[in-house]
Amino acid sequence: SEVKHQTAMTIEEAIEVAEKLWIKGAISHLAVLFGLLTALRAQEFVLARWEEVDLTEKILCVPRDRQKIDQGAPFRVPLSTQALAVLEKVAVSDPGRTGFIFKSPAGSKTGAISLGTPRIMLHKTLPRPVTMHGCRSTFRDWAEESGENHKAAEKCLMHSTGSAVEQAYQRSDLLDRRREIIQRWADAILPMDKIA
């Protein structure tokens, strides 16, 4: 059977979408923007909890049970200045910062937004069907075209790279390298002057 590729955004569309999501600023918009900035899968960011965020280290730890490809430990996701700004904006309506970060506004104080929400938000923002998976492809294309380190860019997407032997020796999660890439990506799609 043929592989069905998810529709990816162009970098120009990613820039347009990121700004629109920031301006609209509802929890569901901010969730999608956070996903776009971190290049995470929907289940990895939609169900993110405040206690998984370390503001001092500027990371989000995705637990193993939410990882599509088990990394063998919680996965540290570097947070760009823009991703931290998104969390600050969310915290305005959730000053206690407990439980799910992206809480469902539908009267439920405890539940997270639906896993289908990012796709719906993207469809409303762009005139063609784009998925969160497609957004990850946009990040990957950008990283390739920008000459970013291949292994570190793959690690940003929580992909395994190299042979089993290479993986056994490559214990580092390349956090510092990934932090630089994720910040450059955020600067490319949502420059700080757009959210100041």
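Return the total of residues in the range 152-189 being open to solvent by 60 Å² or more (accessible area, probe 1.4 Å), assigned to a helix (DSSP H, G or I) and modelled with pLDDT under 90. Summing the residues that are open to solvent by 60 Å² or more (accessible area, probe 1.4 Å), assigned to a helix (DSSP H, G or I) and modelled with pLDDT under 90 in the range 152-189 gives 5. Among the residues making up the range 102-122, those that are modelled with pLDDT of 90 or more and hydrophobic (A, V, I, L, M, F, W, C) are Phe102, Ala112, Ile113, Leu115, Ile120, Met121, Leu122. The listed residues are Ala85, Ala48, Ala91, Ala112, and the only one of them that is within 17 Å of the chain's Cα centre (by Cα) and open to solvent by less than 20 Å² (accessible area, probe 1.4 Å) turns out to be Ala48. Would you call Thr56 surrounded by fewer than 13 Cβ atoms within 10 Å (Cβ to Cβ), over 27 Å from Glu12 (Cβ atoms) and modelled with pLDDT of 90 or more? Criteria met by Thr56.
Got at least one residue in the range 63-73 being open to solvent by 10 Å² or more (accessible area, probe 1.4 Å), acidic (Asp, Glu), at pLDDT 95 or above and out of contact with any helix residue (DSSP H, G or I) (no Cβ under 9 Å at 6 or more places or on another chain)?
Scanning the range 63-73 turns up no residue that is open to solvent by 10 Å² or more (accessible area, probe 1.4 Å), acidic (Asp, Glu), at pLDDT 95 or above and out of contact with any helix residue (DSSP H, G or I) (no Cβ under 9 Å at 6 or more places or on another chain).
For the structure I just gave you, tell me whether Val90 is part of a loop (DSSP other than H, G, I, E, B) and within 25 Å of Glu13 (Cβ to Cβ). No: the conditions fail for Val90.
If the condition is being in a helix (DSSP H, G or I), open to solvent by less than 20 Å² (accessible area, probe 1.4 Å) and β-branched (Val, Ile, Thr), then the range 118-137 contributes only Thr125. If you go through the range 116-156 and keep only what is more than 14 Å from Leu30 (Cα to Cα) and of a type in the set (A, V, I, L, M), you end up with Leu126, Val130, Ala143, Ala152, Ala153.
Exactly one residue among Arg140, Arg76 is open to solvent by 70 Å² or more (accessible area, probe 1.4 Å), within 17 Å of the chain's Cα centre (by Cα) and modelled with pLDDT of 90 or more, and that residue is Arg76. On the stretch given as the range 94-104, residues that are open to solvent by less than 20 Å² (accessible area, probe 1.4 Å) and either under 16 Å from Gly25 (Cα atoms) or outside any loop (DSSP other than H, G, I, E, B) (or both) total 2.
The values are calculated or read from the model by the stated rules, or taken from the named source; none is laboratory data. Just so you know, these numbers come straight off a predicted model, no measurement behind them. All Cβ positions, glycine included, derive from the backbone under ideal geometry; neighbour counts span all protein chains shown. SASA here: full protein model, heavy atoms, side chains in, ligands and nucleic acids out. Shrake-Rupley method; radii C 1.70, N 1.55, O 1.52, S 1.80 Å.
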